[in-house]
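Participant: Supplied in structure tokens, the structure appears directly below.
The values are calculated or read from the model by the stated rules, or taken from the named source; none is laboratory data. This structure is a prediction, so every number in the text was calculated from the model and none was measured. Because the Cβ atoms are built from the backbone with ideal geometry, glycine has one as well, and the counts that use them run over all protein chains shown.
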Amino acid sequence: MRHILTGLVLSSTFFACAWAGQPTHIYGVNLGSWLVLELWMLPQGWVDMGGQLCGADCSTCISTESAFAKAYPDTVDTTFAQHWDTWFTQSDVSTLKAAGINTVRIPLGYWIVEDLVDSPSESYPRGGLAYLRRGLGWLQDAGIQVILDHHALPGVQTAEQMFTGNCTTDVQFYTPYNYGRALVWTAVMTTLSHLDPDFGNVFAIEAANEPINDAAQTPDYGTFQENFVQTIRAVELTLGISVPSSKLSVSVSASVSNNFTAALIETSSSTIFSAEVQAALSEAVPIIIGIGSKYSLQTIFEASPFKQSGTPLVANFMDVNWQYNNPPNPADVAIGPQAYDNHLYYSSAGNDPTSYMINICNLPEIQADAALGNSPLWFGEWSLDTQFNATDAFLYQWADAQKLAYSKGAGWIYWNFKIETSNLTNGTARARQWSYLEGLELGFFTQDPAALHDPNVCAPYTNSTSNSTSNSTSSSTSHSTSNSTSSSVPLPIPATGYRPLLYSMFSLLSLIFL
């Protein structure tokens, strides 16, 4: 568990400078359950689609996109197209813009690049890329910037989690084959981010959402991080984009100067990149050509000058403190702009308002990460959820205090932009603490995301020694779907998820937050 360090004060010196294309300060929301569906956020909608509500074990029924696709192979694409069309809309974009949101993080499954799916052993809904392109266009028109988050990885990165798209104990992401598929995904997404006009507001790609906390269980993950960065930069150098602090260089022959995919094939044989990166670039080319044909991008990809003076993407990783047991430090692999992500959900901060406030008002993450080179840092997931029955008065404070703490870094991205309200969510009971739009309507959040109801909200709690050792622990955890616990983790990040607790309560009681 994570213990707050007495006497540690957040300092303005940890404000992070923004890379080009990145908002100066991030005020954002996640578009969760859009292109990676998690049924706990829309249980009635999931049942209406044909899904099921399992018991405590989400692997025992139709609880994920993979299970759904296998159960309904003939109708899955049509069913999910309706979901994609209605869960996130142009109206939502207008509402987010009016609320001052300048960034969205879009969770994506590897299967949005359909050629990466190993059929028939793997099965997922098809057609999501068209909806991603449309949504990105809406967001771009609204001036909202985007982080593409590889939320659900090939082979599954964490056991028994709905957010991986396949609730299973068979975790296979940490293998050469699936690392390779993730690199191909990265090459494709980097290409689209620079060449597809609909992707023009993408400024960062996140390598892997919430890997296993125990680094001893993620063999060669550090090598994957290195190859992830190399893959992005290889595509960019092929495009002629200058990458700061890079000693790498790529030159393409005149004969392919009007054909990006042909140039990328040349780059794939460059020995300045690892063998894994070379293979990923090569495998990405026919996929890129196929996407170009499907979405009328052939001229851009294959028949026009592609050299550009664009801005390199920000390579985004979960911070080094996300793992324990000698984790690889992503700061060590930086080539060009890089940023770091942490997720905070409070599942063991002392189940009372005072303990929560002491905890958040003395948050050490930004300093701890900066000391390890993990800066700029943003907080890519957080919520207003508590492990006690919070009053409205407390949620005003809780929202202010978290915004204040996270804004000392590069900014924050709330989980989630919205939550279903239905009998299965006890009306607005769940949305009250998990939906940004609901929190805005209830007044917990200020209309200006940079503003606070009370700028001095932390004054009574900063540097407080009251119960600060024994009763003010927080969990940097996922909102995940198993119900394991771990109280003996030696370093800050526990090996438990938080969504599991929610899901188990939901499964047993048919609703959460009663």
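Participant: Among the residues of the stretch 124-153, how many are among the basic types (Lys, Arg) and in contact with a helix residue (DSSP H, G or I) (Cβ under 7 Å, 6 or more places away or on another chain)?
Facilitator: Initially, the stretch 124-153 is screened for residues among the basic types (Lys, Arg), giving 126, 133-134.
In the following step, the residues that additionally are in contact with a helix residue (DSSP H, G or I) (Cβ under 7 Å, 6 or more places away or on another chain) were identified as 126, 133.
So the count comes out to 2.
Participant: Given (1) under 20 Å from the mean Cα position of the chain (by Cα); (2) under 29 Å from Gly240 (Cβ atoms), where does Gln402 come up short, assuming only one miss?
Facilitator: Here Gln402 clears every test but (2).
Participant: Now for a separate question. Read through the list (1) within 25 Å of Asn102 (Cβ to Cβ); (2) touching a helix residue (DSSP H, G or I) at 6+ places or on another chain (Cβ under 8 Å); (3) not aromatic (Phe, Trp, Tyr), then give the number of the only condition that Ala204 fails.
Facilitator: Condition not satisfied by Ala204: (2).
Participant: Suppose we filter Val285, Val235 for residues that are over 30 Å from Tyr414 (Cα atoms), aliphatic (A, V, I, L, M), touching a His at 6+ places or on another chain (Cβ under 8 Å) and part of a helix (DSSP H, G or I); which single one remains?
Facilitator: Values: Val285 fails: touching a His at 6+ places or on another chain (Cβ under 8 Å).
Only one candidate qualifies: Val235.
Participant: Identify all residues within the stretch 162-181 that are within 20 Å of Met41 (Cα to Cα) and aromatic (Phe, Trp, Tyr); write none if there are none. Working first, answer last.
Facilitator: Residues of the stretch 162-181 that are within 20 Å of Met41 (Cα to Cα), as a first pass: 162-168.
Matches in the stretch 162-181: Phe163 only.
Participant: Regarding the stretch 115-125, can at least one residue be identified that is polar (S, T, N, Q), surrounded by 24 or more Cβ atoms within 10 Å (Cβ to Cβ) and at pLDDT 95 or above?
Facilitator: From the stretch 115-125, those polar (S, T, N, Q) are 119, 121, 123; that's our starting set.
Now narrow it down to the ones that are surrounded by 24 or more Cβ atoms within 10 Å (Cβ to Cβ): none.
Within the stretch 115-125 (the criterion being polar (S, T, N, Q), surrounded by 24 or more Cβ atoms within 10 Å (Cβ to Cβ) and at pLDDT 95 or above), the answer is no, since none of the residues qualifies.
Participant: Take the conditions without any contact (Cβ under 8 Å) to a residue 60 or more places away in the chain, of a type in the set (S, T, N, Q) and surrounded by fewer than 18 Cβ atoms within 10 Å (Cβ to Cβ) and apply them to Asn423. Does it pass? Walk me through how you get there before you give the answer.
Facilitator: Details: without any contact (Cβ under 8 Å) to a residue 60 or more places away in the chain: no; of a type in the set (S, T, N, Q): yes; surrounded by fewer than 18 Cβ atoms within 10 Å (Cβ to Cβ): yes.
Criteria not met by Asn423.
Participant: Would a scan of the stretch 388-410 turn up a residue that is closer than 27 Å to His150 by Cα and of a type in the set (Val, Ile, Thr)?
Facilitator: Checking the stretch 388-410: not a single residue is closer than 27 Å to His150 by Cα and of a type in the set (Val, Ile, Thr).
Participant: I've got another one for you. Right, Val252: buried (at least 20 other Cβ atoms within 10 Å of the Cβ) and of a type in the set (A, V, I, L, M) or not?
Facilitator: Numbers: buried (at least 20 other Cβ atoms within 10 Å of the Cβ): yes; of a type in the set (A, V, I, L, M): yes.
When the stated conditions are applied, Val252 passes them.
Participant: Can I ask one more? Given the conditions (1) without any contact (Cβ under 8 Å) to a residue 60 or more places away in the chain; (2) out of contact with any strand residue (DSSP E or B) (no Cβ under 7 Å at 6 or more places or on another chain), and given that Leu363 satisfies all but one, which numbered condition is not satisfied?
Facilitator: It fails just one condition, (1).
Participant: I've got another one for you. For the stretch 295-324, how many residues meet the condition of being over 16 Å from Glu226 (Cα atoms) and either in contact (Cβ under 8 Å) with a residue 40 or more places away in the chain or β-branched (Val, Ile, Thr) (or both)? First the steps, then the outcome.
Facilitator: At the first step, the residues of the stretch 295-324 found to be over 16 Å from Glu226 (Cα atoms) are 295-312, 321-324.
After this cut, where a residue has to be either in contact (Cβ under 8 Å) with a residue 40 or more places away in the chain or β-branched (Val, Ile, Thr) (or both) as well, the list is 295, 297, 299-312, 321-324.
Qualifying residue count, the stretch 295-324: 20.
Participant: Exactly one of (1) closer than 26 Å to Thr175 by Cα; (2) buried (at least 16 other Cβ atoms within 10 Å of the Cβ); (3) charged (D, E, K, R) is unmet by Asp220. Its number?
Facilitator: Asp220 satisfies all of (1) closer than 26 Å to Thr175 by Cα; (2) buried (at least 16 other Cβ atoms within 10 Å of the Cβ); (3) charged (D, E, K, R) except (2).
Participant: I would also like to ask the following. Name the residues in the stretch 371-384 that are surrounded by fewer than 21 Cβ atoms within 10 Å (Cβ to Cβ), touching a residue at least 24 places away in the same chain (Cβ under 8 Å) and at negative phi, would you?
Facilitator: In the first step, residues of the stretch 371-384 are kept if they are surrounded by fewer than 21 Cβ atoms within 10 Å (Cβ to Cβ); the result is 371-373.
Going one step further and asking which of them are touching a residue at least 24 places away in the same chain (Cβ under 8 Å), we end up with 372-373.
Correct list: Leu372 only.
Participant: Looking at (1) in contact with a strand residue (DSSP E or B) (Cβ under 7 Å, 6 or more places away or on another chain); (2) crowded, with 22+ Cβ neighbours inside 10 Å, find the lone condition where Tyr324 falls short.
Facilitator: Result: Tyr324 fails condition (2) only.
Participant: Oh, and also: List, please: which pairs have Cβ atoms under 9 Å, are six or more places apart or on different chains, and start with a residue in the stretch 215-238 that is at positive phi and end with one that is at pLDDT 95 or above and part of a helix (DSSP H, G or I)?
Facilitator: Hits for this filter: Asp220/Pro176; Asp220/Tyr179.
Participant: Continuing with this model, one more query. Do the conditions hold for Ala208, that is, is it assigned to a loop (DSSP other than H, G, I, E, B), out of contact with any Pro (no Cβ under 8 Å at 6 or more places or on another chain) and touching a residue at least 24 places away in the same chain (Cβ under 8 Å)?
Facilitator: Working: assigned to a loop (DSSP other than H, G, I, E, B): yes; out of contact with any Pro (no Cβ under 8 Å at 6 or more places or on another chain): yes; touching a residue at least 24 places away in the same chain (Cβ under 8 Å): yes.
The answer is yes for Ala208.
Participant: When the stretch 396-411 is examined, which residues are found to be over 16 Å from Pro460 (Cβ atoms) and either in contact with a Leu (Cβ under 7 Å, 6 or more places away or on another chain) or surrounded by fewer than 22 Cβ atoms within 10 Å (Cβ to Cβ) (or both)?
Facilitator: Ala399, Lys403, Ser407, Lys408, Gly409, Ala410
Participant: Please find, among Thr60, Thr95, Thr75, the residue that is of a type in the set (Ser, Thr, Tyr), surrounded by fewer than 23 Cβ atoms within 10 Å (Cβ to Cβ) and touching a helix residue (DSSP H, G or I) at 6+ places or on another chain (Cβ under 7 Å). It would help to see each step written out before you state the result.
Facilitator: Details: Thr60 fails: touching a helix residue (DSSP H, G or I) at 6+ places or on another chain (Cβ under 7 Å); Thr75 fails: touching a helix residue (DSSP H, G or I) at 6+ places or on another chain (Cβ under 7 Å).
Going through Thr60, Thr95, Thr75 in turn, the sole match is Thr95.
Quick grid of which residues meet (1) among the basic types (Lys, Arg); (2) closer than 20 Å to Ser245 by Cα; (3) surrounded by fewer than 23 Cβ atoms within 10 Å (Cβ to Cβ):
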| residue | (1), (2), (3) |
| --- | --- |
| Thr311 | no, yes, yes |
| Ala334 | no, yes, yes |
| Asp341 | no, no, no |
| Leu344 | no, no, no |
| Gln367 | no, no, yes |
| Thr386 | no, no, yes |
| Phe394 | no, no, yes |
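Participant: Determine if the stretch 168-185 includes at least one residue that is small (Gly, Ala, Ser), within 23 Å of Leu39 (Cα to Cα) and surrounded by fewer than 24 Cβ atoms within 10 Å (Cβ to Cβ).
Facilitator: Start the filter on the stretch 168-185 by keeping residues that are small (Gly, Ala, Ser), which leaves 180, 182.
Applying the additional criterion that residues be within 23 Å of Leu39 (Cα to Cα) yields none.
Within the stretch 168-185, not a single residue is small (Gly, Ala, Ser), within 23 Å of Leu39 (Cα to Cα) and surrounded by fewer than 24 Cβ atoms within 10 Å (Cβ to Cβ).
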